[in-house]
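After the C-alpha cells below, expect a handful of questions from me.
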Amino acid sequence: MGRAVKTRTAQRANGMGSIFPLKGKDGKPSGRLRVQITLKDAAGKRRTFTKTVSGKDARDSQLKAEEELVALRKELDERYPDGIVTPELEEGECAPGTVGALTAEWMVHYFPTVEASTRDFYTSNTKYIVAELGHLPISSLTKYQVADFFRDLKTRNTAIPRPLGTTSKRAVRRTLGMVIDFAMQYHPEVTLTTNPAREAKAPQATKPEDDADQRWFEDGEVQQFFKAVHEVERKQADTATPLQLAAAWAIQYHLGLRPGEVRALSWSDLDLSADAPTLYVGHSQKRIGGKLIARGTTKTKKSRTLFVPADLLPTLEAHRELQAAQRARYAPDATWNTENLIFTRPDGTPVSKEAYAREFAKVCRAAHIEDASPYALRHTCCTLMILAGVPLPIVAKMMGHKDLRMVTQVYGHVVKNAVQGYENALPSVLATV
C-alpha cells in the first residue's frame, strides 16, 4: 500500500502565505486546505486573505493549494503593490484623487445649480467618463490619453456597442473638461497646469454624413422621403396603433423645429385666424428622471413665433381631421389628449422620442436613405435658408439659437459655400459698373 500524504502547515518566508488543513464538523480532517496570506494596513492592523481548495486526494489537494497560493500572492501584489492594504471601495466607488471620485464631487457641487433635464444630460456623459477613466489619478491624465478615450468611445445602451456619434463625443468632452476645471480650481493637490480635455483634439466628423445628428437631405432625398412617408402611413393606417406623423415631418422641413419641439406642440400654439398664420414655439418634450414631460422648456429657455407657409396649411388641416377620427375610434372619453397636443399616439398619449425616431427610421428605410436622424429635416431647412441667402441672424432666430455661434459651427461649410457664391458673382457685377 502507498504511504499516506500528511498535510502540514508549509513554512515560508514572512508574508509569502501559508497552507492549513481544515477539519469537518465531526472534527476529522475534511480533505480541504486553506490558503492564507496576511498583510498589514496603514494603521498596522493585520488583514488576512484566504481561499479554500480541495482535490481528488491529499496529494492533489496539496498541489492545488500551492497553485492557489501563487495566484493569490500575484493578485494581492497587483492590488497592493506597496504591500499595504488600502480601504476597499464599494462597487462603482473610485479612490480619492481619481477621475471617478472628482467627477462624483463635481456632480454634487454643480448639479444643484441646473435644471433636472441638464442634470440628466450630464449624468449620461459622466457614465462614459467614469467607466473608462474613473480609476486613473486625475493629475496623471494627458491629452493623448483623453484623445484615445474620445476616439474609442462606444455606445453603452445598445445590444451591440457601436462608435459614439461626433455630437455625443463632443458632449462627453465638454463634461470632462468641466470636471477637470473643477478639480484644478478646488483641489490644490491636483498638479495639472492645463486641462487635457481641452488640449486634446476635439472629435471631428470627416464629413457631415458621418454624424447622423448633423446630416441633412441632399437633392432628391426630400422628395424620396415624403413620398415614402405617405406609402408607410397608408400601409399602417389599419394597424392596431398607427402613428400618423406626416405633418410633424412637414413642420420640421418647413420651419426647422427640433424634434422635441414638434412633439410638444399644442393646437393652442397654432393661430390660423390671422391673415398670416403663425406657430408659437415655446415648449419641448423632455424626459426628467425617467418621467416624460410633454411640454417642458425649450433648449434655450426662449420662445419664438414663426409664420406658417401656405404649403403647410392643408397638411395641418388634414392632420386635425385624422386626429379627430383617431380619438373617436380609439379613446372617445374626456381623458384623451389632456395636453391638447397636435401629435399623439392613437390613445391620446404623447409620442415619445423613441417612437418618433423609430417612425423616422422606418420612413428612411422605405426611401432608401441612410445615416439620418430626425434632426435631418431641421438641418435641411436651415441649409436651404442659408443657400437661399437668408441673413444668418434671421436663420439663427428661426432655428431657436441664442446667437450665431451654433449656425456657423454646425453649418460652417454651408456658410462658406454661400460666401464663395457671392465672391464668384463679384467679377461679373463689377464688369457691369
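What follows is calculated from the coordinates using simple rules that are stated; it is not laboratory data. Only a predicted model underlies this, so the values are computations on that prediction, with no experimental measurement involved. Note that each Cβ is placed from the backbone with ideal geometry, even for glycine, and that neighbours are counted across all protein chains shown.
Quickly work out the A325-to-A202 label distance, labels modelled 7 Å from Cα along the C-beta direction, and quote it in nm with one decimal.
4.8 nm
Gain in length, A95 to I288, computed as 0.36 nm per residue apart minus the alpha-carbon separation, to one decimal in nm? Don't jump to the answer; show the numbers that get you there.
Details: separation 193, 0.36 × 193 = 69.48 nm, distance 2.98 nm.
Fully extending the segment from A95 to I288 adds 66.5 nm.
Hey, another quick one. Given a cut-off of 23 Å, name the pairs among K28/K74; K127/K397; K40/K127; K169/K299; K28/K64 whose C-alpha atoms lie farther apart than that in the structure shown.
Values: K28/K74 32 Å; K127/K397 34 Å; K40/K127 34 Å; K169/K299 19 Å; K28/K64 21 Å.
With Cα atoms farther than 23 Å apart: K28/K74; K127/K397; K40/K127.
Continuing with this model, one more query. So if I take the centroid of the Cα atoms in region 328-380 and the same for region 106-151, what is the distance between those two points in Å?
First find each Cα centre; the distance between them is then 33 Å.
Work from the charge dipole of region 245-403 (Cβ charges, +1 for Lys and Arg, -1 for Asp and Glu, about the Cα centre) and give the residue of P350, A310, A248 farthest towards its positive end.
Final value for the positive-end residue is P350.
Next up: Label region 18-85 by shape, choosing from rounded, prolate and oblate, from the square roots a ≥ b ≥ c of the eigenvalues of the Cα gyration tensor; if a/c is under 1.5 it is rounded, and otherwise prolate applies when a/b is larger than b/c, oblate when it is not. Before the final figure, lay out each step's value.
Working: a/c = 4.47, a/b = 1.83, b/c = 2.44.
Here region 18-85 falls in the oblate category.
Any idea what the dipole of region 99-204 comes to, in debye rounded to 20, about its Cα centre with Lys/Arg Cβ at +1 and Asp/Glu Cβ at -1?
Working: 13 positive and 9 negative charges, 105 e Å.
Charge dipole, region 99-204, about its Cα centre: 500 debye, nearest 20.
Also: Place a +1 charge on the Cβ of each Lys and Arg in region 18-85 and a -1 charge on the Cβ of each Asp and Glu, then give the dipole magnitude about the Cα centre in debye, rounded to the nearest 20.
Details: 16 positive and 11 negative charges, 79 e Å.
Computed about the Cα centre, the dipole is about 380 debye.
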